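The values are calculated or read from the model by the stated rules, or taken from the named source; none is laboratory data. This one's a predicted model, so the numbers in the text were calculated from it and none came from an experiment. Here the Cβ positions follow ideal geometry from the backbone for every residue, glycine too, while neighbour counts run over all protein chains shown.
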Amino acid sequence: MMRRNDPAPVGVLFTNLGSPDDTSVPAVRRYLREFLSDRRVIDLNRAAWLPILYGIILTFRPRKSAKGYRSVWMDEGSPLLVYARRQVAGIQARLDADLERPVHVALGMRYGNPSIESGLEALHAAGCRKILVLPAYPQYSATTVATTFDKVSEVLEDWPEPPALRQINRYHDDPGYIAALAASVREHWAEHGRADKLVISFHGIPKRYVKQGDPYPRDCGITAQLLAAELGLSRNEYKVCFQSRFGREPWLQPYLDETMKTWGADPEINTVDVICPGFSSDCLETLEEIREENRGYFEQAGGESLRYIPALNDRDDHIEMFARLIREELAGWV
Ligand SMILES: C=CC1=C(C)c2cc3[nH]c(cc4nc(cc5[nH]c(cc1n2)c(C)c5CCC(=O)O)C(CCC(=O)O)=C4C)c(C)c3C=C
Ligand SMILES: [Fe+2]
Ligand SMILES: [Fe+2]
């Protein structure tokens, strides 16, 4: 059928993890309850997990996490949300300039607000009957990307006519993404000099999930290798680590915190640069966990300085990369 004159706009649902609505303990508790009730995130059977979640985690963790959020909160809100909003505005402006058919970009967070439901509804209200879902996670994991698609499907269960859907699973090896990461490292080096080591740190997941088939560490390894190659780094000039361990079971290793303690005490290693390519926006896990907590481990163990390289956030090359990825994935639709 000829569709060339079909004027209907196309939608892009840009998603990320989400943050609490504010830094109060009840808001953080509400957020953690939604997040940690997700079976893709915690796959333990409910009879075992819910007593731990409600009895221990939701009793003690909200207070600690709220303190962390307070230390990174921006005037406009959670850093993750602030950067996601800027990314959406930037991508919208680029697509408006590049494409003839109208494309609407809406933000939806997997947990908290603005929700995936509100994003899908905004696109529907704008007349979009075809929607591309773009989770802003470069590396695929069932704990992040698959649960986003699950949520989209769950929302659409109630719609009389769900839109046609496309989904982006990963962009871990996208040349524009790797080039933007490399440019951000070179700019950091130009400003601060080059540290003894570059740490490429990714959020971890339980090892058990990998045994069950989650391909996440493979994606992380490929990103790290491509970035190191682009920067011309030899094997002993960088190290891949995993951060943000949660719970008692073994997670992906080497652990960032242990590495920082060991390296801090190593007289050969005085300075480290840390980049976190798995985070498209700065957030609690970078601004607090890396720039505060792990910097503390390294420097208290005797290291001179740990310098955190900001996430790609709303850099022009990052926005341009997203816009190109979207244009490519919309082939045939626009
Ligand atoms: C970038 C990819 C991410 C993966 C993979 C991931 C897996 C994962 N996370 C938890 C538990 C927590 N993560 C928390 C925060 C958080 N996680 C990511 C990203 C990934 N998580 C981001 C971007 C953030 C920051 C959110 C923000 O508002 O800034 C938290 C909450 C904060 C805290 O209390 O420490 C938890 C808890 C698990 C269990 C998991 C895989 C199984
Ligand atoms: Fe996480
Ligand atoms: Fe953390």
ask   = In this structure, does GLY204 turn out to be touching a residue at least 12 places away in the same chain (Cβ under 8 Å), of a type outside the set (S, T, N, Q) and within 16 Å of ligand 3 (Cβ to nearest atom)?
value = yes
key: Residue count, region 181-235 (criterion: closer than 21 Å to LEU287 by Cα, part of a loop (DSSP other than H, G, I, E, B) and within 16 Å of ligand 2 (Cβ to nearest atom))   = 2
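Is it true that some residue in region 33-56 is closer than 19 Å to ALA311 by Cβ and in the same structural domain as VAL155 (by TED's automatic domain parsing)? I'd like the intermediate steps shown before the answer.
Filtering region 33-56 down to residues closer than 19 Å to ALA311 by Cβ leaves none.
The answer is no, given that none of the residues of region 33-56 is closer than 19 Å to ALA311 by Cβ and in the same structural domain as VAL155 (by TED's automatic domain parsing).
Here is a yes/no grid of residues against (1) out of contact with any Lys or Arg (no Cβ under 6 Å at 6 or more places or on another chain); (2) in contact (Cβ under 8 Å) with a residue 24 or more places away in the chain; (3) surrounded by fewer than 18 Cβ atoms within 10 Å (Cβ to Cβ):
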{"site": "ALA228", "(1), (2), (3)": "yes, yes, no"}
{"site": "ASN236", "(1), (2), (3)": "yes, no, yes"}
{"site": "CYS241", "(1), (2), (3)": "yes, yes, no"}
{"site": "TRP251", "(1), (2), (3)": "no, yes, no"}
{"site": "PRO254", "(1), (2), (3)": "yes, no, yes"}
task = Name the one entry in GLY247, GLY232, GLY204, GLY213 that is on the phi > 0 side of the Ramachandran plot, within 10 Å of ligand 1 (Cβ to nearest atom) and either assigned by TED's automatic domain parsing to the domain that holds ARG295 or touching a His at 6+ places or on another chain (Cβ under 9 Å) (or both).
result = GLY247
request  = Within region 72-91, track down each residue that is out of contact with any helix residue (DSSP H, G or I) (no Cβ under 6 Å at 6 or more places or on another chain) and surrounded by fewer than 18 Cβ atoms within 10 Å (Cβ to Cβ).
outcome  = ASP75, GLY77, ARG85, ARG86, ALA89
note = Taking region 262-288 and keeping only residues that are out of contact with any Gly (no Cβ under 9 Å at 6 or more places or on another chain) and assigned to a loop (DSSP other than H, G, I, E, B), one is left with GLU268, CYS276, PRO277, GLY278, PHE279, SER280, SER281, ASP282, CYS283
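Among the listed residues ARG295, ARG235, ARG291, which satisfies the condition of being over 20 Å from the mean Cα position of the chain (by Cα), modelled with pLDDT of 95 or more and within 16 Å of ligand 3 (Cβ to nearest atom)? Give the steps one after another, and end with the answer.
On the way: ARG235 fails: within 16 Å of ligand 3 (Cβ to nearest atom); ARG291 fails: over 20 Å from the mean Cα position of the chain (by Cα).
Answer to the check: ARG295.
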Exclusive hit being more than 16 Å from ligand 2 (Cβ to nearest atom), of a type outside the set (A, V, I, L, M), surrounded by fewer than 16 Cβ atoms within 10 Å (Cβ to Cβ) and outside any loop (DSSP other than H, G, I, E, B), set ARG307, ARG295, ARG291, ARG327 = ARG327
message = Out of the helices (runs of 4 or more DSSP H) lying entirely within region 18-114, which hold 2 or more residues that are in contact (Cβ under 8 Å) with a residue 60 or more places away in the chain and within 18 Å of the chain's Cα centre (by Cα)?
response = 25-36, 58-72, 79-98
note = Note on region 204-232: residues farther than 19 Å from TYR308 by Cα, more than 20 Å from the chain's Cα centre (by Cα) and of a type in the set (A, V, I, L, M, F, W, C) are ALA229
query = Does ALA97 satisfy being hydrophobic (A, V, I, L, M, F, W, C), modelled with pLDDT of 95 or more, surrounded by fewer than 20 Cβ atoms within 10 Å (Cβ to Cβ) and within 15 Å of ligand 1 (Cβ to nearest atom)?
reply = no
